[in-house]
Amino acid sequence: MKPMCCLVILVVGCGKGAAPTMAMPDLGGATSTDAGDPLDDYVLTHMRTAEVPALAAAVVKNDQVVLERAWGTADLTDSRPATPDTLFMLASVSKTVTAVALMQLVEQGKLTLDDPVDAKLGFQVRNPAFPNTPITARMLLSHTSSIEDGPRFYSYNVVGMDSPIALDAFVRGYLTSGGMYFDAANWNATAAPGTHYSYSNAGIALAGELVETLSGMSLQQYCQQHLFGPLGMSESSFRLADLDRAHIAMPYDSDGNGGYTAEGYFCYPDYPAGGLRTSANQLARFLMAFIQFGQLGGAQILSRASVEEMRKQQPSSEEGLSWEFAPLGMRQLIGHSGGDAGVSTDMYFDPATGAGFVVLTNSLVWSDPLRAEALGQIEEKLLQQAP
């Protein structure tokens, strides 16, 4: 299977050198698995090639969990094993959750996909080069807003705490001329909003700010009430402070020689674009709800019409509404990938069969073709487990 990586990988400085280099552990066997299962040897062999200390996975088919397993070590310092309950930072897979939250508000009549967002936000959001062209929610979620990840976008990370920069202050300061975080390169000066696809973490951060403004709650509070709670995702949060760090996998940077350096539990102000932490088995519930057109068990998180719109390729875009397309043989999967310092994640499904997978790891593999290929082979093997 061709490795599926996000179109813009977030490789940022997040405290390298904060911990001494540690050797790759003996990965041993899997947790929560049947003894003698040949899947273990396959996954562990490819994990060594991919240089990921821990991998947690869930395979689903429509509304059923086919497999939940984890391999390796979530924290090398105390040799804590990974389990399907281990929390991982999702990186850009977080965008799918932010997008669903905003689509719920569209269903509630708080806005339409094609409303100018500045009318809802209370401050002007216009590309200085195209001041008469409004930015819409559809543009934000489809990465066609002309908002770019500027030269200082990755400069605001902190380690071991939530960002001290509030989301509202960040997006205002980032998008408004003269703002604290403004740079002319934060906007595409050559392509008008709605005409050009350019993957934008900053655009999704603004979508998260829309959720907060329209709901009167933080994104975390809104998702807890309208997504995480209804779906039984009891330990999922955009806020590090909400979580028990003993349950979180430590992100690691591989030195290519069997050694690892801890990246630390880092956070940033644009958390709607990449800051969600959850487990493979919890994220699987979110994925199953999306596969089932918004419904899982007794929970209805979106209407079928909204999910269909999110799955549809958007005008001038290369993806749907924050859900990407990825080929697998003759099939077209839908989902999202994530890459950040010490993080590689994937969540995809086949709309033709209802089979999908979640794979969460604590090492960045996408910058190395061999490592990325090994992780992709694990994902292909896992998807084959679905009947």
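Does GLY256 qualify as being touching a residue at least 60 places away in the same chain (Cβ under 8 Å), out of contact with any Ser or Thr (no Cβ under 9 Å at 6 or more places or on another chain) and in a loop (DSSP other than H, G, I, E, B)?
yes
Considering only residues that are buried (at least 24 other Cβ atoms within 10 Å of the Cβ) and within 25 Å of ASN157 (Cβ to Cβ), which ones fall in the stretch 278-295?
THR278, SER279, ALA280, LEU283
Under 30 Å from GLY294 (Cα atoms) and surrounded by fewer than 17 Cβ atoms within 10 Å (Cβ to Cβ): which single residue out of HIS247, HIS226 fits that description?
Step by step, each of HIS247, HIS226 is checked, and only HIS247 is under 30 Å from GLY294 (Cα atoms) and surrounded by fewer than 17 Cβ atoms within 10 Å (Cβ to Cβ).
Of all residues in the stretch 201-223, which are surrounded by fewer than 19 Cβ atoms within 10 Å (Cβ to Cβ) and among the small types (Gly, Ala, Ser)?
Listed by number, the residues that qualify are GLY216, SER218.
Do you know which residues across the stretch 57-115 are free of Cβ contacts under 8 Å to residues at least 40 places away in the same chain and touching a strand residue (DSSP E or B) at 6+ places or on another chain (Cβ under 7 Å)?
Within the stretch 57-115, ARG69, ASP114, ASP115 qualify.
Would you pick out the residues in the stretch 129-152 that are in contact (Cβ under 8 Å) with a residue 60 or more places away in the chain and at positive phi?
HIS143
When both residues are 6+ apart or on different chains and their Cβ atoms are under 9 Å apart, which pairs have a first residue that lies in the stretch 280-291 and is within 13 Å of PHE228 (Cα to Cα) and assigned by TED's automatic domain parsing to the domain that holds MET310, and a second that is assigned to a helix (DSSP H, G or I) and aromatic (Phe, Trp, Tyr)?
These pairs meet every condition: GLN282/PHE228; PHE286/PHE228.
Within the stretch 236-253, does at least one residue satisfy the condition of being under 21 Å from LEU141 (Cβ atoms) and either aromatic (Phe, Trp, Tyr) or in the same structural domain as SER142 (by TED's automatic domain parsing) (or both)?
The answer is yes, given that some residue of the stretch 236-253 is under 21 Å from LEU141 (Cβ atoms) and either aromatic (Phe, Trp, Tyr) or in the same structural domain as SER142 (by TED's automatic domain parsing) (or both).
Do the conditions hold for ARG304, that is, is it without any contact (Cβ under 8 Å) to a residue 12 or more places away in the chain and over 19 Å from ALA372 (Cβ atoms)?
When the stated conditions are applied, ARG304 passes them.
Of all residues in the stretch 153-200, how many are in contact (Cβ under 8 Å) with a residue 60 or more places away in the chain, loosely packed, with under 14 Cβ neighbours inside 10 Å, closer than 30 Å to SER316 by Cα and of a type in the set (A, V, I, L, M, F, W, C)?
Adding up the residues that qualify gives 1.
What are the residues in the stretch 356-367 that are modelled with pLDDT of 95 or more and either polar (S, T, N, Q) or over 20 Å from GLU324 (Cα atoms) (or both), if any?
Result: THR361, ASN362, SER363.
The values are calculated or read from the model by the stated rules, or taken from the named source; none is laboratory data. Remember, it's a predicted structure, so these values are computed and weren't measured experimentally. Reconstructed Cβ throughout: ideal geometry from the backbone, glycine too, with neighbour counts over all protein chains shown.
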